[in-house]
Amino acid sequence: MELQANLRRIILVELLVPLALFIFGAYHGVLQVMYLSGAIRATSVAGIDYYQGLTLHGVINAIVLTTFFAVAFGYTVVSQELKSRVSIAGAALSLFLMLSGAVMTAVMVFLGKASVLYTFYPPLMAHPLFYVGLVIFIVGSWVPLYTWIPVYLRWRRENRGLKTPLGVVGILSTFIVWQMATIPVAFEVLAQLLPWSLGWTSGINVMLSRTLFWFFGHPLVYFWLLPTYVMYYTMLPRLAGGKLFSDFAGRFTFMALILLSCPLGLHHQFADPGISTTSKGIQGVLTLLVTIPSLLTAFTIAASLEFAARLRGGKGLLGWWSKLPYFNPENWLFPYLFCGLLIFLFGGITGIVNASYSMNNVVHNTAWIPAHFHLTVGGPIFLGILGGSLLIVTGLLKKPVVSGTMAMAVPYIWMAGTFVFSTGLFWGGLRGEPRRTNLGLTYMNPTSPSYRADWWLPAHLGMWGGYIMGLAVLLYFVVLIRSLVAAPNAALAPFSLPTSEPYHDEDVAAVRNFTPWVAAAVLLCVAAYYAPIRDMASNGLSTAPGFRPDSPARVSTTH
Ligand code: HAS
C-alpha cells in the first residue's frame, strides 16, 4: 500500500528541515575541532562564541535531527508494515509542535541566550523560551505513539495469530522508551528550570536536576539507537542479499531495551557527590546488562551477513567476508549500515570501559567521552539517518539517487574520519585532555603558561579526523541536492522500505506482548531511582543561583 499523500508530505518536511538545520550543526562540529587543536585561538568566530557553537552542535545534531528522523522513519515503517492509514491530523499536530519547539530553541541559542549545551545542566541558566521550546518539541514527539497504538491494536484484532511485523515492534519499542524517558526531564524543565529562569525561584537543586536529566539522558541514547537497530534487523540482511538469521533475536533485543534503557542513568554520575555507592553500583551492574541486547545484535547480524555472503559463493571460516556488496553503487545503502556496525564495535567496547566504575574515574569529563559518543551516536546512528533519509526522500519524490558512487563513498569517508577523530580524542583523554573546553586559548596555545605539548598530536589527529568527517557531510549534501533537483521518474514503483525475511522464524510467546516488559521496566526504574531521588529531594543542601558560561557572576534571569 502506498503511503497517504499528506503523510508523504509530512515525512518529507520531517526529514528535510532538520537536514537543513544540520548544516549549522556540522559547521560547528568542524569549528569545534579547530578550537580543540588551537587552529582557532579566539573566544568566538563570526559572532558565535565557543559555548554557543557547542550548544548548536549538540542540540541540532543530537536532539533535533535524531528525533525528527525517528518520527519520520516510524511513520514510514508503521504505515508500510501494517498496511494501514494513520491519523494525518495527529501527524500534522506532531510536526507543528516539533517544528515550533525546534525553532524556538534554536533562535534562543543563535541569540546567545541559551549557551547551556545539549545537557542544559544548571547552574548554567538559559532564557525561559529555550526551555519552553524544548517542552513543546518533546510533547510533539509524544503524539505519534498515541496515533499508532489504535492502528496497531486494530491490526492485531484483524490478524489474530499473526506476529506483529518486526519493524513495527522496533518502532513501538523506540517510542515506549522515549515516553518513559521524557517524563522526568519534562518534570525537570517544568518544575525546576523554567520557574528558576523566570526568576520565580531564587535557586535550584542541581543534584536533583542532573539526576532527572540523566534518567532521560541515557535512554535517550537507546532512543537514538533503536531506529538504526530496526534498519539492521529488517533491512540490512536483505541489502546483503540474504535473510535475518533469527527473528526472535530482534524481538528480544527490542523488548530488552524497553526493560533496561531507563534504570541506569547514574553511570553518567559516578563522579557526582551525594549519591550512595550502593545506588551507583546497582546502576553500574544494570549498565553492563544493557550490553546484552547489543551483543546479541552483533552476533545475529554477523550471522545474517554470513548467510548472505555464503549465498553469494563465500567460502571458508573468514573468506566469506569478501563476498558482501561493499562497493556496489546500485546498492549504495549497504555501506551506510555496514560502516555503522564497524564503528559501533569500538563505540560499544569503549562504552563498557565507561560503565566500569573504577575505569570511569580515569576517563570521566575527558576527551575520551566525545570519542566514545562519536563512535555511537556519531557512527551507526548518524549513518543510519543519512542513508535512511536519502532513501526515503528520493523514494517518496520518485527521484533517482544521482551519483550512486559518491553516495556510496560517503559512509567510508565518514568512517575513516570518525576513526581518526576518535583515536586522537581517546589518546588525548587518557592523557587528561578535558572535554567541553576551548583548548585553543590555553592548553593548545604555545604562548600560554598552561600549554601542553604532549596534547598537540592527539588534538591535531582529532582536528584532521573532524575535517575528513566534514568532507563526508559536504559530499552527502552534493548527492542529496543533486538528487532533489533531478527530474522525477514517474515510472518508478511506489516507494517501500526493503524488508528482510527471517531465516529462523521462531515464535516465542514471551516476546509477543509489550505489557509485561513495560510493567517490569517501570518497577525496575522505581527500584533503581527511589533511594537516590529521595536522598536528593530531602538532603537540605542550599540551592544554586544561575550562571552564564562567559562570566563568574551570578545571574537571576537571562531575559
Ligand atoms: Fe554511551 C557516555 C556507557 C552505548 C552515547 N554515551 C555517553 C555519552 C553519549 C553516549 C552521548 O557507563 C556522553 C554523554 C555526555 O554528554 O556526558 N554507552 C555505554 C554503554 C553502552 C553505551 C555500556 N552510548 C551508547 C550508545 C550511544 C551512547 C548506543 C548513542 C547512541 N556511555 C556509557 C557511560 C557513559 C557514556 C558509562 C558516561 C561516561 C562519563 O563518565 O561521562 C552500551 O550500550 C554499548 C553496547 C554495545 C556493544 C557493541 C555491539 C556491537 C555491534 C556491532 C557489530 C558489528 C558487526 C560487524 C556485526 C556491546 C552491534 C562485524 C564486522 C567485523 C569485520 C568484525
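The values are calculated or read from the model by the stated rules, or taken from the named source; none is laboratory data. Keep in mind that this is a model prediction, so the values were computed, not measured. So basically every Cβ, Gly included, is an ideal-geometry build from the backbone, and we count neighbours across all protein chains shown. Please note that ligands, DNA and RNA were not included when accessible areas were found on the heavy atoms of the full protein model with its side chains. Shrake-Rupley method; radii C 1.70, N 1.55, O 1.52, S 1.80 Å.
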For residue 51, the accessible surface traced by a 1.4 Å probe with all protein chains present amounts, in square angstrom to the nearest 10, to 70 Å²
With all protein chains present, the chain has a carbon and sulfur share of its accessible area (1.4 Å probe) in percent of 69 percent
Probe 1.4 Å, heavy atoms of protein chains only: per residue, the accessible area of region 439-521 in Å² is 54 Å²
Computed over the chain: longest principal axis from alpha-carbon atoms vs helix 404-430 long axis, angle to nearest 10 degrees, is 30 degrees
In degrees rounded to 10, the 0-90 angle between helix 88-110 Cα long axis and the longest Cα principal axis of the chain is 30 degrees
Regression test value, accessible area per residue of region 5-44, probe 1.4 Å, units Å², expected 38 Å²
Between residue 503 and residues 5 or more places away or on another chain, the pairs with built amide H atoms under 5 Å apart involve 244, 245, 246, 247
Candidate cut points under trypsin sites (Lys or Arg not before Pro) in region 279-334, DSSP loop plus at most 15 other Cβ atoms within 10 Å of their own Cβ, are 312, 315
Working note, region 160-234: Cα radius of gyration (Å, one decimal) and Dmax (Å, whole number) are 17.2, 58
So the angle from the long Cα axis of helix 456-485 to the longest Cα principal axis of the chain, reported in degrees to the nearest 10, equals 50 degrees
Once the in-chain neighbours fewer than 8 apart are removed, the aspartates and glutamates whose Cα is under 15 Å from residue 315 read 306
In nm, the gap between the two label points placed 7 Å beyond Cα toward Cβ at residue 190 and residue 535 is 2.8 nm
For region 1-109, listing GluC sites (Glu not before Pro) in a DSSP loop whose Cβ sees at most 13 other Cβ atoms within 10 Å gives 2
Cross-link reach from residue 399 to lysines, straight Cα distance under 24 Å and at least 8 residues apart if same chain, gives 83
Given a 1.4 Å probe, the accessible area of region 229-303 per residue, as a whole number of Å², is 29 Å²
Largest-first ranking of 172, 194 by accessible area, probe 1.4 Å, whole protein assembly kept, is 194, 172
Summing -39500 (n - 2.57) over every DSSP H run of at least 4 in the chain, dividing by its residue total and rounding to the nearest 500, the 222 nm mean residue ellipticity is -21500 deg cm²/dmol
Low-density loop trypsin sites (Lys or Arg not before Pro), region 39-133, at most 10 other Cβ within 10 Å, DSSP non-H/G/I/E/B, are 83
Semi-axes a, b, c in Å (a largest) for the chain, each sqrt of 5 times a Cα gyration tensor eigenvalue, come to 36, 28, 24
At R0 = 35 Å the Cβ-Cβ FRET efficiency linking residue 487 and residue 2, nearest 0.05, sits at 0.95
Here the FRET efficiency for residue 183 versus residue 527, based on Cβ atoms and R0 = 30 Å and rounded to 0.05, is 0.95
Ranking 215, 110, 485 by how far each Cα lies towards the positive end of the charge dipole of the chain (+1 on Lys and Arg Cβ, -1 on Asp and Glu Cβ), the top one is 485
